[in-house]
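The values are calculated or read from the model by the stated rules, or taken from the named source; none is laboratory data. Just so you know, these numbers come straight off a predicted model, no measurement behind them. Cβ sites come from the backbone with ideal geometry, for glycine too, and all protein chains shown count toward neighbours.
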Amino acid sequence: MSDTIHPLVAYGRARGNGSLNVRDAAHEAFHALSVNAKNWDREKVHAKLCRKFKRAALWLHELEARAVEQLVCQRLGYDCGPLDKWVGWSAMEAIKFRLPYDSDHKRSVEMAEKMMTRPATKAWSDRIVALVSDQLTEEAVSP
């Protein structure tokens, strides 16, 4: 599959998100699905997130997005790198865009790790994998 776009990346791009890879596509799918966005453009989804969640809850939603992306990548056999890297990335983005975040990196990573074990978070990862499960099955049996 090295010379083709992963079905999850293609799915996100077809909905207006410029997903870069499987991790990014899973992360953005979680955000978009959580606000029932029709257009998955990052800025439009972010605006919907800001309307749906109280400002302080945005950080928890972001940590859950990091947990979901880890679970999706594990399920799809994609190495997305360590969770603590991506939680740190989220903190840098929050600073850049003046969004709330927890400055205690270790605590944020621990929260995201705990979220990975929650049934609701696992259900989100199932839902995202299901978006492309037909294409994944076809690829597995194609010559």
Among residues belonging to region 36-66 that are free of Cβ contacts under 8 Å to residues at least 24 places away in the same chain and within 17 Å of Tyr101 (Cβ to Cβ), point out the one that is surrounded by the most Cβ atoms within 10 Å (Cβ to Cβ).
Leu49
Options Val72, Val87, Val9: the member that is of a type in the set (A, V, I, L, M), over 22 Å from Arg118 (Cβ atoms) and surrounded by 20 or more Cβ atoms within 10 Å (Cβ to Cβ)
Val9
Using beta carbons and a limit of 6 Å, which pairs, at least six apart or on different chains, have the first residue in region 9-35 and within 16 Å of Ser133 (Cβ to Cβ) and the second one among the acidic types (Asp, Glu) and part of a helix (DSSP H, G or I)?
Gly12/Glu28; Ala26/Glu69
Quick check on this structure: which one of Lys48, Lys44, Lys52, Lys38 is charged (D, E, K, R) and within 22 Å of Asp126 (Cα to Cα)?
Lys38
Region 40-64, residues that are basic (Lys, Arg) and at pLDDT 95 or above:
Arg42, Lys44, Lys48, Arg51, Lys52
Verdict on Ala37 being modelled with pLDDT of 95 or more, in contact with a helix residue (DSSP H, G or I) (Cβ under 7 Å, 6 or more places away or on another chain), within 18 Å of Val9 (Cα to Cα) and not in a helix (DSSP H, G or I)
yes
As an exercise: evaluate Glu139 against (1) outside any loop (DSSP other than H, G, I, E, B); (2) touching an Asp or Glu at 6+ places or on another chain (Cβ under 8 Å); (3) modelled with pLDDT under 95 and give the number of the one condition it does not meet.
(2)
Is at least one residue of region 116-135 outside any helix (DSSP H, G or I) and aromatic (Phe, Trp, Tyr)?
no
Any chance Trp89 is within 16 Å of the chain's Cα centre (by Cα), under 25 Å from Pro7 (Cα atoms) and in a helix (DSSP H, G or I)
yes
Residues within region 7-29 that are hydroxyl-bearing (Ser, Thr, Tyr) and at pLDDT below 95, tallied
1
